[in-house]
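The values are calculated or read from the model by the stated rules, or taken from the named source; none is laboratory data. Every value quoted in this text rests on a predicted model; they were computed, and no experiment measured them. All Cβ positions, glycine included, derive from the backbone under ideal geometry; neighbour counts span all protein chains shown. Note: accessible area is taken over every heavy atom of the protein model, side chains too, but ligands, DNA and RNA are not part of it. Shrake-Rupley method; radii C 1.70, N 1.55, O 1.52, S 1.80 Å.
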Amino acid sequence: MTPPEWDPVNVDEEYRLFIGGEWVLPDSGIYQIVNPNTTEVIGYAPEASVAQVADAAAAAKEALPGWRDTPVAERCALLGRAADLMDERVGRLGGLVQAETGATVNLTEAVQLPVCAERFRYYQTPVNVDEPMEPYPVPESPLGPAGLSGAHVVRQPVGVVACITPYNVPLTNVAGKIAPALAMGNTVVIKPAPQDPLAMIKLVAIIEEAGFPPGVVNIVTDSGAASGAALVASPDVNMISFTGSSVVGAKIMEAGGATMKRLLMELGGKGACVLTDDCNMDAAVGAVATVWGFHSGQICTAPTRVIVHHSRYDELVEKLTAVAPLLKVGDALERDTVVGPVITEVHRDRVEQFVADGVAGGATLACGGSRPDQPGYFVAPTLLVDCTPDMHVVQEEVFGPVVVVLTHDDDDHAVALANDSHYGLFSYVFAGSTARAFEVGRRIESGNVGLNSIQPHVHAPFGGFKMSGVGRDRGVFGLHAYSEIQALSWLAT
Ligand code: NAD
């Protein structure tokens with residue numbers, strides 16, 4: 001049963017690219033969008049040509065001077081207007097977002113829809129990101145007379161930003177990129193994930209209605225990697241804001257070097273979740289179970305790699321195996337479903353292969369590992385115990401409802417295991433006191449560490465250590481991410 005405020009999904013609806021303020025037909029036809037919950041085709045997305053991607057970058061470049069020179073208060077007011085329209089309209093996109101992402105109804109309502117307006121709303125208030133410097137006395141030199149040098153550090157927009165996004169939470173993700181980018185005076189070309197671009201096209205229509213000048217926001221879509229790669233190579237694009245896998249992120253860094261792209265890379269994770277000997281086990285179990293119930297583990301920040309003190313191991317496994325069967329797996333449209341599908345058949349097979357490799361390597365399946373007998377790409381909540389740090393399933397991001405468990409002997413050992421990873425995005429510590437969690441957490445090589453909680457501070461800087469990325473966004477850090485620093489200096493003699 002879909003909520004009544006959601007518009008019905010019309011499989012025959014025509015979607016277009018938005019380039020330079022015009023809705024244009026794609027040069028290369030259309031491709032199918034499949035509902036992971038039912039395996040049915042729910043729409044057809046535009047297949048942009050590489051020439052159209054170039055047109056979008058050129059349009060963004062042409063719009064840049066006018067947008068950059070628009071007073072910041074006017075830019076931010078448009079973001080506020082867009083947030084108002086999103087508050088009115090985005091709820092109606094629920095059916096489409098649910099159908100293309102496969103998210104459960106509850107997750108669609110709680111996460112897929114509302115956060116995009118919140119992200120625009122946050123940046124509707126202009127923030128001063130410029131900074132004065134201390135005056136600095138300079139002696140006479142061949143460059144000029146002695147005097148007192150002053151300087152002001154100004155943040156300028158980077159220019160044209162290509163925003164390349166992943167499939168898991170499309171609207172939320174793109175809003176987190178374009179809202180700060182636009183507030184800072186950049187223009188953008190959006191390139192959504194191939195699996196679920198339709199609601200994002202509709203989001204751009206809402207943004208257009210808010211009154212952004214032509215070319216400030218553009219969107220191109222395709223079924224593969226060509227459009228994204230063309231943006232990375234384009235001399236008209238100054239910055240790539242990428243969220244996605246570390247493998248693709250590394251390719252973008254390499255290809256972007258030729259045109260010296262500025263890069264914001266929000267990449268994969270394999271969240272360590274350290275449980276000390278005195279932790280509150282019920283709180284920890286509730287957190288770990290979100291790997292199963294929160295978008296079927298397709299969340300980069302999920303606490304998938306549990307590192308528990310050996311004295312609490314039996315209790316952890318007993319409690320997790322008691323929780324897993326309570327989480328209903330299946331039709332994402334049923335209100336009481338907790339674990340919906342993963343995005344595609346290919347991805348479901350990949351998740352299953354990870355589990356099979358773990359078992360072949362000596363891990364024990366404490367629960368899950370099965371495939372519910374129904375259409376759709378489902379994976380039951382899976383818990384692998386008797387794991388060792390070297391296992392593929394322990395080292396690599398699965399991006400599915402799969403938890404692995406390691407044991408530690410003391411806090412030093414726990415920290416060493418947590419840091420034995422090439423990822424470092426979001427880790428967690430559950431300890432008997434916040435002070436102990438803080439002491440352990442600060443030693444973990446991870447851009448973010450949750451202490452006795454998996455609720456993030458939404459405006460805290462977000463990003464990864466190691467293969468989990470480069471740069472930080474969210475809050476004021478988002479404005480910093482989409483800016484170049486310029487120093488203006490003078491001399492008082
Ligand atoms: P992906 O890396 O497969 O694709 C992401 C985007 O990159 C897509 O739009 C894709 O079309 C594009 N792309 C692919 N090849 C490209 C190329 N050569 N050049 C330019 N663009 C290219 O990721 P996914 O499967 O869509 O998403 C899952 C991944 O995203 C996971 O690794 C997850 O951890 C990560 N993720 C990270 C964050 C974060 O904030 N750190 C948030 C959500 C998801």
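General observations
- Helix screen, the chain: DSSP H segments with Cα axial length of 18 Å or more and mean Kyte-Doolittle hydropathy at least -1.0 are 50-68, 72-89, 170-183, 198-210, 345-360.
- With protein chains left intact and a 1.4 Å probe, residues in the chain average 40 Å² of accessible area per residue.
- Residue (of 42, 234, 448) at the positive-pole extreme of the chain, dipole from beta-carbon charges: 234
- Structural descriptor for segment 272-463: relative contact order 27 percent, calculated from alpha carbon pairs under 8 angstrom and at least 6 residues apart.
- With all protein chains in place and a 1.4 Å probe, the accessible surface of the chain carries 56 percent carbon and sulfur.
- Farthest toward the positive end of the dipole of segment 349-465, out of 387, 433, 369, is the Cα of 433, where the dipole comes from beta carbon charges about the Cα centre.
- Evaluated with a Cβ-only charge set (Lys, Arg +1; Asp, Glu -1), segment 307-443 carries a dipole of roughly 380 debye about its Cα centre, given to the nearest 20.
- The trypsin sites (Lys or Arg not before Pro) found in segment 50-137 include none that occupy coil by DSSP while having at most 12 further C-beta atoms within 10 Å.
- Applying the criteria of a DSSP loop state and at most 12 other Cβ atoms within 10 Å to the GluC sites (Glu not before Pro) of segment 131-209 yields 140.
- Basic side chains Lys and Arg get +1 at the Cβ, acidic Asp and Glu get -1 at the Cβ, and with that the dipole of segment 111-256 about its Cα centre reaches some 380 debye.
- Over the chain, Cα pairs under 8 Å with separation of 6+ residues give a relative contact order of 18 percent.
- Positive-pole candidate from 162, 139, 28, dipole of segment 17-267, charges at beta carbon: 139
- With Cα atoms defining each centre, segment 161-212 and segment 1-44 are spaced 16 Å apart in the structure.
- Inter-centroid distance (Cα atoms) of segment 381-425 relative to segment 315-347, Å: 20
- Relative counts (whole %) of C-alpha pair distances in the chain, using bins that are 20 Å wide: 23, 52, 22, 3, 0
- Assuming charge only on the beta carbon of Lys and Arg (+1) and of Asp and Glu (-1), the dipole of the chain about its Cα centre is about 760 debye to the nearest 20.
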